[in-house]
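Just so it is clear, none of the values below were taken in a lab; they were calculated from the coordinates. In this text, all values refer to a predicted model and were calculated from it rather than measured experimentally. With ideal geometry, Cβ positions are generated from the backbone for all residues, glycine too; neighbour counts draw on all protein chains shown.
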Amino acid sequence: MSQTYHIQWFGLLSERRGIPQETIQHAAITPAELYRQLAETHPLGLAMSDLRAAVNDEFIPWDHLLKDGDHIAFLPPMSGG
């Protein structure tokens, strides 16, 4: 069963995806599954081991169970000063 997810892409992921955010219908139930499947259809080019995921503004493990309407952020390594 598909659920609605609100995805925010940050940094290099936003550049590669071509948009900073989107709302999608998807059957994935964890951030890991969602990212893997999106990376198969979009040229994201970063491994999950290089990223952090957040759900509803909290960092979570990749096997966190998603719920309909969750806000999911994928964050690559950032640098700055």
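Placing unit charges on the Cβ atoms only, positive for Lys and Arg and negative for Asp and Glu, gives the range 1-76 a dipole magnitude near 140 debye about its Cα centre. With a ≥ b ≥ c taken as the square roots of the eigenvalues of the C-alpha gyration tensor of the range 3-75, please select rounded if a/c is under 1.5 and otherwise prolate if a/b is larger than b/c or oblate if it is not? Cα axes put the range 3-75 in the rounded bin.
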